[in-house]
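The values are calculated or read from the model by the stated rules, or taken from the named source; none is laboratory data. Nothing here was measured: the structure is a model prediction, and the numbers come from that model. A quick note on method: Cβ atoms are made from the backbone with ideal geometry, for glycine too, and the neighbour counts reach across all protein chains shown. All accessible areas refer to the heavy atoms of the entire protein, side chains included, with ligands and DNA or RNA removed. Shrake-Rupley method; radii C 1.70, N 1.55, O 1.52, S 1.80 Å.
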Amino acid sequence: MQKIKTGRQWQSVIAVLGMVGVLLTGCGDGSGGSSGSGASSLSTSGSGSQGQGGSTARFTIVDNYLYTLSGNTIRTFDVQNPADPKESTPVGVAWNIETIFPYRDYLFIGSETGVFIYDIKDRASPTFLAESFHVRSCDPVVVQNDLAYVTLRTGTFCGGNTNRLDILDVSQIASPRVIGSYPMSAPFGLAIDGPNLFVCDGTAGLKLFNVVDAKTIKFVSRASQLTCFDVIARKERLYTTGGSGIVQLDYALQVFSTIPTGQ
Amino acid sequence: MKRILKNILLGMVFLAGVVSIVATSPPIYCNVADSGPCDPLCEDCPPDRRLGYFNADPVYLSYDALRTSVRVVPGEQPIKKAGKIFVDDTYLYVNDRNRGVHIYDHSDPNSPKALGFIEIPGNVDLAVKGATLFVDSFIDLVVIDLQHFPEITISKRVTDIFPYNAYQMIDDRSIHLRNVDPKKGVIIGFSKDN
C-alpha cells in the first residue's frame, strides 16, 4: 500500500507546496479557514498555522473562537485562554444541523434541509445571514473563492433520494444560488484546495475533480478501492477517514500510507 | 382460505426479511405515519414503534465516572471505528467513535508514527488549537492541554451543554431502551432480556 517518492518528485512537490502557500497567503482564502500561515512548527506547543478538520466536522476554530454544533444549536466559546472558555449566548439554527465550515467572516452550516450562512464579523455572536434550501439529504459543505460545494446524499441517516454535488455561487453572500449540479453515487465528505476538488463518493471511491471554472468541474481520476466518509486536503496532502482506514495520499491520489481500522 | 394462508405466509416472510436486515442495513428516512408500528430501518421510526424491536435495559456510566475517565494510553493502539479527523502541520488526530482520540505524527506521510490514544467516553467531535484539544464527551465539552503529551491536563470541562442522546452508543437499530433515566448517567450499552 505504500509508495515512496523519489527525491526529484519531492523537489517538485515542495516547489508546488511553496507556490500554493504563497497563493493562499496572497488571497487570504484558505479552506478550513486555516491554511494561510506558512509557519511550520514541529511541536504542538509552537504557534504553527491553525490546523483543519474535515467537511463533516461539528467543531471548528476561527481565531480565538471555538464553534460547536449540537442538536439545533451553535455554541460559541472564546478560547483565548483555553483553561477558561467563555461561552456567548447560544444560537438556535434548525433541526438536524450536521456540519460547520468557516469561510472568511462566515460560517457555512450544512443541515438536512439546506445550507445556512452565519455572519461572524463579530466572532462572539454568529448572526443569521442567508439560507439555501434543497431536498432532504445530508450535506457537508466546503467553500473557496466565493463558491460553495455541497454534497447531497441519500440513505444513511439523511433521507431523501438524491445523490449529487451542487455548486453554489456565494459572491452575493446574502443570496446564494445554485449554478451547477453533478450526479454522484453516494457522496459525503469533500475537500477543496485550489483547482482540486476531492469527494468521498461511497463505494465508488475517492474522486478527484478539476475545477475548470465557476460552473464546471471535470472528473480527473478516482481511487476506486478507497472507501471514505471524509477527506481533508492540506498542503498537498490528503487525509481520509472511513472504511478503508486512515489513508494519506498526494493530490494525484497516490497512497503514501494506511492506518488500518477495525470497521 | 388458501388465499388468507398465502397472505399470512407472505407477511411472515416479509417480517422475517425486515428483522434480518435490521442489523446490517443503514437507516433511511421514510416519512413514517404519526402512529402505529413502523419499519425499524426508517431513521424516523421511533424506537418504541419499531416492528420486531427488542426491549433492553440501559447500562449507565455515572457522571462521576464519566468525568474522571479521561486518560492516555501511550503508543500504538488499534482504531476500532474511525470517526472524524483533524490535522495540523505535524499531528493527525483521529476520533475513534465514542472512545476517544488517537494522535499520530504525520511528518513522514509514508509512516505515520502513533503517539498514543486518549480515552474519552462518548467522543465524536474534535478540534485543535496549538497544543489544546477540544472534544465532546457525551454531554460535556472537555478542553485538554497536550503540551506535555503523553502527560495531559484537563484544562476545563464545561458540563451538560450538549444534548443527552440515549442511543449515542447503540448501533443496533432493533434495540428499544426501557426506563431511560438521564439522572443515572450516560448510556454506554444495554442488557437484553433473556
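Expressed per residue, the C-alpha convex hull volume of segment B:91-194 stands at 138 Å³.
Among B:Glu151, A:Glu236, the sequence by solvent-accessible area, most first, with a 1.4 Å probe is B:Glu151, A:Glu236. Taking the average, over residues, of other Cβ atoms within 10 Å as the packing measure, peptides B:35-48, A:69-82 rank A:69-82, B:35-48 from highest down. Pairing chains A and B buries close to 4400 square angstrom of accessible surface in total, based on protein heavy atoms and a 1.4 angstrom probe.
The antiparallel fraction among DSSP beta bridges confined to segment B:47-178 stands at about 90%.
The mean count of C-beta atoms from other chains within 10 Å of the C-beta of residues in B:147-155, rounded to a whole number, is 2.
Mean partner shielding of peptide B:95-108, defined as the number of other chain Cβ atoms within 10 Å of each residue Cβ, is 2. The mean number of Cβ atoms from other chains found within 10 Å of a Cβ in peptide A:239-246 is 5, as a whole number. What the Kirkwood sum gives for segment A:210-263 is a hydrodynamic radius of 12.1 Å, with every pair of different alpha carbons counted. Looking at this model, which pairs from B:Lys129/B:Lys156; A:Lys207/B:Lys80; B:Lys80/B:Lys113; B:Lys81/B:Lys192; A:Lys86/B:Lys129 are more than 21 angstrom apart at the alpha-carbon? In this structure, A:Lys207/B:Lys80; B:Lys81/B:Lys192 exceed 21 Å between Cα atoms. Per residue, segment A:220-263 exposes an accessible area of 34 Å² to a 1.4 Å probe, with every protein chain left in place. Only Cα sites of segment A:145-263 enter the Debye sum here, all with the same form factor; the resulting log10 I(q)/I(0) across q = 0.18 1/Å is -0.91, listed in q order. Rg over Rh for segment A:61-133 works out to 0.96, both radii taken from alpha-carbon positions and Rh defined as the Kirkwood radius. Electrostatic bookkeeping for B:Ala33 treats Lys and Arg as +1 and Asp and Glu as -1; over the other residues with beta carbon under 15 Å from its beta carbon, the sum is -3. Excluding same-chain neighbours fewer than eight residues apart, the aspartates and glutamates reachable from B:Lys184 by a Cα-Cα span under 17 Å are B:Asp57, B:Asp64, B:Asp140, B:Asp160.
Sorted on the mean count of surrounding Cβ atoms within 10 Å across their residues, most packed first, peptides A:209-221, B:70-82 read B:70-82, A:209-221. Mean separation of Cα pairs under 8 Å and 6 or more residues apart, divided by the residue count, gives segment B:109-154 a relative contact order of 25 percent. Using only alpha-carbon positions in segment A:54-178, the gyration tensor eigenvalues give semi-axes of 25, 16, 12 Å once each is multiplied by 5 and square-rooted (largest first).
Ligands, DNA and RNA left out, the accessible area of segment B:77-194 computed with a 1.4 Å probe is 46% carbon and sulfur. Within the full protein context, the accessible area of A:Asp250 is estimated at about 20 Å² for a probe radius of 1.4 Å.
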